[in-house]
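Novice: A single structure is presented below for examination.
The values are calculated or read from the model by the stated rules, or taken from the named source; none is laboratory data. Here the structure is a predicted model, which means the values were calculated and not measured. A quick note on method: Cβ atoms are made from the backbone with ideal geometry, for glycine too, and the neighbour counts reach across all protein chains shown.
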Number of protein chains: 2
Amino acid sequence: MPVGSSPAGPTLGESGEFSLIAQITADLPTSPEILLGPGDDAAVLRIDGPVLTSVDLLVEGVHFRRDWSSATEIGRKAVAVNVADIEAMGGRAVAIVVGLSAPGELPLAWALELADGIRAEGDRSGVVLVGGDVTGGREVTLSVTVVGALDGRAPVRRSGAGPDQVVALVGRTGWAAAGMAVLQRGFRSPRAVVEAQRVPAVPYGQGQVAADAGATAMIDVSDGLLADLGHLARASGVTVDLALDAFEVPDVLQAVAAATGKDPYALLLTGGEDHALVACFVDRGAVPDGWQVIGRTRSPGEGETSGVLVDGNVWEGPAGWDHFGAGR
Amino acid sequence: MPVGSSPAGPTLGESGEFSLIAQITADLPTSPEILLGPGDDAAVLRIDGPVLTSVDLLVEGVHFRRDWSSATEIGRKAVAVNVADIEAMGGRAVAIVVGLSAPGELPLAWALELADGIRAEGDRSGVVLVGGDVTGGREVTLSVTVVGALDGRAPVRRSGAGPDQVVALVGRTGWAAAGMAVLQRGFRSPRAVVEAQRVPAVPYGQGQVAADAGATAMIDVSDGLLADLGHLARASGVTVDLALDAFEVPDVLQAVAAATGKDPYALLLTGGEDHALVACFVDRGAVPDGWQVIGRTRSPGEGETSGVLVDGNVWEGPAGWDHFGAGR
């Protein structure tokens, strides 16, 4: 049931947390790595080797709006952004636990659709829901924690890049930001960017591909390419120089930029929430198929702090994503 | 700085999420099981054998009030309630990841005190903060996910109890509910129960003790003894019969009950949020020191569904904790 249509069914408050949990967990997928799923005080996983873990919160009005996204899309996004963190370490996401706080007036059907979305994106990314917590709250807040495995790989950190390496990207940037720009103006098209805002197209599996190809450093692009590459550059003590002509502006971004008075390159370089992966490799030959070379690293010059340049210059446009709203 | 005093310093919105994270993570404890702590896309843990995980949300106005509890106390409580879930499996909590959503107007000092509380309770319970997420939101919501180890023990589930076993409890019940009753009437004493409401006294380590003693089933008491033992009874397909005279009413609960017009046994049997552990053992000889025998299990009678009785009867008092507010 799309939000906005009449919530004829019971609310979350009427049905209660245990009814919701029972319905969500009635028929969950499993895997040999899930020794015990939902229904006890904790889930039990079998993970060989080191264990990865990461948490993300998605808050109504900050990361999603119920009038802009369906519950299914919000559930899918919550999983996708989390799995991207595991991908960015070169890992494989195994299981998630989800916390949901929501007003008692929330339609039960909405919460069940949210769970459908969590499951759908879990199926796409190979991750299984193993536990959760449901509680009251004034706004809808989703917490997703993912647990992952490295499968014998070394974790690819942000800090491993050296000078004279190649910087490459897989996945999209600017699409979710373009979708946001469109939605903020009251439009619902172009559909491709609106859908990208609702559910990021995370390049599942590419983190492991990059690790196998010898990626020296990697990060997922949640706050914007320049912002996140900045974290990588500072952690690695390198300067990243991006080549603007390495970027092709997709027609749809060109169209949104023209219609909204934005610089299409600002979308590409500073738009967050697409969860592309960006990584460094020792040379072009190491860059996996499907990855796009976008720049190089070098040692910071005399008196220069590590960071990201675009064609040798500091980018003068907007700076990226601020979770307390300044960037929105 | 106690909340309510003048927030002379910067707000979370002014300082930004990265400044907060940098301050919190500047000097964290570590352990041989933490291969990589905060600062990358995911933390990396070394856990031998099966991995336990569980999540809890704490929402302002539902689980805490900033005018009733200090930030330190809220941080401590968030950790304690989570570690209790790992204890209830017979496990040992190793690491936590924490999500915080909060209004930009929140004083940075409050968020830093919250982190102090998380760390303090981590020190008490042996758990280390390894990652997190900070974002905006209208209300303060804390998500804590704990990852634990079994150290070669089998997980103690809710479903393992058989008939003719002994039911035993460690830790307190009714104290947090008594504290809530007092706070709701505008009082701040008796101090012991108010403090119990602010930070539960989880019997750390006793879950592992129970597992080593051969506990057949275990659960932590978050929603009230009858409610949580009900989960255990139904999962195990047994009837639990509690003996009221096994419970001694502490003076402080007697006093609060008298002052607030409550039945002291209702506090003991239905009060939530103390996070005692309740477990079943094959006989009295197996019950560890410090655990209090409170009843027995039996096979449900003809036509009887599994559940919890008190002196052979269904408890007619209030039913326990409802996160959507009906029980409050």
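Novice: Which residue, of A:113, A:121, A:139, is touching a Lys or Arg at 6+ places or on another chain (Cβ under 7 Å) and farther than 21 Å from residue A:222 by Cα?
Specialist: A:139
Novice: Taking strands (runs of 3 or more DSSP E) that do not extend beyond region A:126-202, which have at least 2 residues that are within 14 Å of chain B (Cβ to nearest Cβ)? Before you say what the answer is, go through the steps one by one.
Specialist: Numbers: elements: A:128-136, A:141-149, A:166-170.
Per the criteria, A:128-136, A:141-149.
Novice: For region A:277-306: of the residues being in a loop (DSSP other than H, G, I, E, B) and of a type in the set (Ser, Thr, Tyr), which is modelled with the highest pLDDT?
Specialist: Out of the qualifying residues, it is A:299.
Novice: Does residue B:49 meet the test of being farther than 21 Å from residue B:134 by Cβ, in a loop (DSSP other than H, G, I, E, B) and in contact with a Lys or Arg (Cβ under 6 Å, 6 or more places away or on another chain)?
Specialist: No.
Novice: Still on this model: Only residues in region A:13-33 that are farther than 19 Å from residue A:125 by Cα count as the first member; pair them with residues that are among the hydroxyl-bearing types (Ser, Thr, Tyr), Cβ under 9 angstrom, at least 6 apart or cross-chain, and list the lot.
Specialist: Close Cβ pairs satisfying both conditions: A:17/A:135; A:23/A:15.
Novice: In a helix (DSSP H, G or I), farther than 30 Å from residue B:152 by Cβ, of a type in the set (A, V, I, L, M) and more than 7 Å from chain A (Cβ to nearest Cβ), is that true of residue B:78?
Specialist: The answer is no for residue B:78.
Novice: From the list B:241, B:274, B:251, which one is at pLDDT 95 or above, surrounded by fewer than 15 Cβ atoms within 10 Å (Cβ to Cβ) and not assigned by TED's automatic domain parsing to the domain that holds residue B:64?
Specialist: Criteria check complete, one pass: B:251.
Novice: Return only the number of the condition from (1) within 30 Å of residue B:216 (Cα to Cα); (2) of a type outside the set (Lys, Arg); (3) over 16 Å from the mean Cα position of the chain (by Cα) that residue B:79 does not satisfy.
Specialist: So residue B:79 meets the others, but not (3).
Novice: Right, next: What number of residues within region B:7-38 are more than 28 Å from the chain's Cα centre (by Cα) and of a type outside the set (A, V, I, L, M, F, W, C)?
Specialist: Of the residues in region B:7-38, 9 are more than 28 Å from the chain's Cα centre (by Cα) and of a type outside the set (A, V, I, L, M, F, W, C).
Novice: Of the residues that make up region A:44-55, is at least one touching a strand residue (DSSP E or B) at 6+ places or on another chain (Cβ under 6 Å), under 25 Å from residue A:192 (Cα atoms) and of a type in the set (Lys, Arg)?
Specialist: Scanning region A:44-55 turns up no residue that is touching a strand residue (DSSP E or B) at 6+ places or on another chain (Cβ under 6 Å), under 25 Å from residue A:192 (Cα atoms) and of a type in the set (Lys, Arg).
Novice: Now for a separate question. If residue A:266 meets every condition in (1) under 20 Å from the mean Cα position of the chain (by Cα); (2) surrounded by fewer than 16 Cβ atoms within 10 Å (Cβ to Cβ); (3) assigned to a helix (DSSP H, G or I) apart from one, which number is that one?
Specialist: (2)
Novice: Only one of (1) out of contact with any Pro (no Cβ under 7 Å at 6 or more places or on another chain); (2) modelled with pLDDT under 95 is not met by residue B:108, so which one is it?
Specialist: Of the numbered conditions (1) out of contact with any Pro (no Cβ under 7 Å at 6 or more places or on another chain); (2) modelled with pLDDT under 95, the odd one out for residue B:108 is (1).
Novice: Of all residues in region A:239-258, which are in a helix (DSSP H, G or I) and not charged (D, E, K, R)?
Specialist: A:244, A:246, A:252, A:253, A:254, A:255, A:256, A:257, A:258
Quick grid of which residues meet (1) closer than 20 Å to residue A:291 by Cα; (2) touching a residue at least 24 places away in the same chain (Cβ under 8 Å); (3) not assigned by TED's automatic domain parsing to the domain that holds residue A:268:
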residue: A:142; (1), (2), (3): no, yes, yes
residue: A:156; (1), (2), (3): yes, yes, yes
residue: A:161; (1), (2), (3): yes, yes, yes
residue: A:175; (1), (2), (3): yes, yes, no
residue: A:182; (1), (2), (3): no, yes, no
residue: A:186; (1), (2), (3): no, no, no
residue: A:202; (1), (2), (3): yes, yes, no
residue: A:208; (1), (2), (3): yes, yes, no
residue: A:215; (1), (2), (3): yes, yes, no
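Novice: Among the numbered criteria (1) touching a strand residue (DSSP E or B) at 6+ places or on another chain (Cβ under 6 Å); (2) modelled with pLDDT under 95, which one does residue B:217 miss?
Specialist: Only one criterion in (1) touching a strand residue (DSSP E or B) at 6+ places or on another chain (Cβ under 6 Å); (2) modelled with pLDDT under 95 is unmet by residue B:217, namely (2).
Novice: Where the second residue is among the basic types (Lys, Arg) and the first is on the phi < 0 side of the Ramachandran plot and lies in region A:293-307, which pairs have Cβ atoms under 6 Å and are six or more apart or on separate chains?
Specialist: Listed by first residue and then by second, the contacts come to A:306/A:234.
Novice: Quickly run through region B:212-230 and pick out the residues that are in contact with a Cys (Cβ under 7 Å, 6 or more places away or on another chain) and assigned to a strand (DSSP E or B). Before the answer, list the steps.
Specialist: In the first step, residues of region B:212-230 are kept if they are in contact with a Cys (Cβ under 7 Å, 6 or more places away or on another chain); the result is B:215-217.
Result: B:217, single match.
Novice: Shifting gears a bit: Of everything in region B:62-75, what is more than 7 Å from chain A (Cβ to nearest Cβ) and in a loop (DSSP other than H, G, I, E, B)? Give them in sequence order.
Specialist: B:63, B:65, B:66, B:67, B:68, B:69, B:70, listed by residue number.
Novice: Also: Examine region A:307-317 for a residue that is under 20 Å from residue A:179 (Cα atoms), at pLDDT below 95, over 20 Å from the mean Cα position of the chain (by Cα) and among the aliphatic types (A, V, I, L, M), and state whether such a residue exists.
Specialist: First pass over region A:307-317, keeping only residues under 20 Å from residue A:179 (Cα atoms): A:317.
This time we only want the ones that are at pLDDT below 95, so: A:317.
Then drop every residue that is not over 20 Å from the mean Cα position of the chain (by Cα), which leaves A:317.
Now narrow it down to the ones that are among the aliphatic types (A, V, I, L, M): none.
No, the conditions are met nowhere in region A:307-317.
Novice: Please specify each residue of region B:26-36 satisfying the condition of being away from every other protein chain (no Cβ under 11 Å) and touching a strand residue (DSSP E or B) at 6+ places or on another chain (Cβ under 8 Å).
Specialist: B:28, B:29, B:30, B:31, listed by residue number.
Each row is one residue, and each column tells you yes or no for (1) closer than 26 Å to residue B:71 by Cβ; (2) of a type outside the set (Gly, Ala, Ser); (3) surrounded by 19 or more Cβ atoms within 10 Å (Cβ to Cβ).
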{"position": "B:98", "(1), (2), (3)": "yes, yes, yes"}
{"position": "B:106", "(1), (2), (3)": "yes, yes, yes"}
{"position": "B:111", "(1), (2), (3)": "yes, no, yes"}
{"position": "B:115", "(1), (2), (3)": "yes, no, yes"}
{"position": "B:127", "(1), (2), (3)": "yes, yes, yes"}
{"position": "B:154", "(1), (2), (3)": "no, no, no"}
{"position": "B:170", "(1), (2), (3)": "no, yes, yes"}
{"position": "B:193", "(1), (2), (3)": "yes, yes, yes"}
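Novice: Condition first: hydrophobic (A, V, I, L, M, F, W, C) and farther than 17 Å from residue B:180 by Cβ. Now tell me which residues in region B:67-77 satisfy that.
Specialist: The one that is hydrophobic (A, V, I, L, M, F, W, C) and farther than 17 Å from residue B:180 by Cβ: B:71.
Novice: Taking the options A:46, A:92, A:138, name whichever one is basic (Lys, Arg), closer than 29 Å to residue B:46 by Cβ and without any contact (Cβ under 8 Å) to a residue 60 or more places away in the chain.
Specialist: Residue meeting the stated conditions: A:46.
Novice: Scan region A:231-238 and give yes if some residue there is assigned to a helix (DSSP H, G or I), charged (D, E, K, R) and surrounded by fewer than 24 Cβ atoms within 10 Å (Cβ to Cβ), otherwise no.
Specialist: Applying the first criterion (assigned to a helix (DSSP H, G or I)) to region A:231-238 yields A:231-236.
Narrowing the set further to residues that are charged (D, E, K, R) leaves A:234.
If we keep only those that are surrounded by fewer than 24 Cβ atoms within 10 Å (Cβ to Cβ) too, we end up with A:234.
Yes, the conditions are met somewhere in region A:231-238.
Novice: Here is a follow-up. Are any residues in region A:81-92 at the interface with chain B (Cβ under 8 Å from one of its Cβ atoms), over 17 Å from residue A:172 (Cα atoms) and not in a loop (DSSP other than H, G, I, E, B), and if so, which ones?
Specialist: A:86
Novice: Just the residues that are hydrophobic (A, V, I, L, M, F, W, C) and over 13 Å from residue B:224 (Cβ atoms), please, taken from region B:159-177.
Specialist: Residues of region B:159-177 hydrophobic (A, V, I, L, M, F, W, C): B:161, B:166-170, B:175-177.
Once the filter is applied, which keeps residues that are hydrophobic (A, V, I, L, M, F, W, C) and over 13 Å from residue B:224 (Cβ atoms), region B:159-177 yields B:161, B:166, B:167, B:168, B:170.
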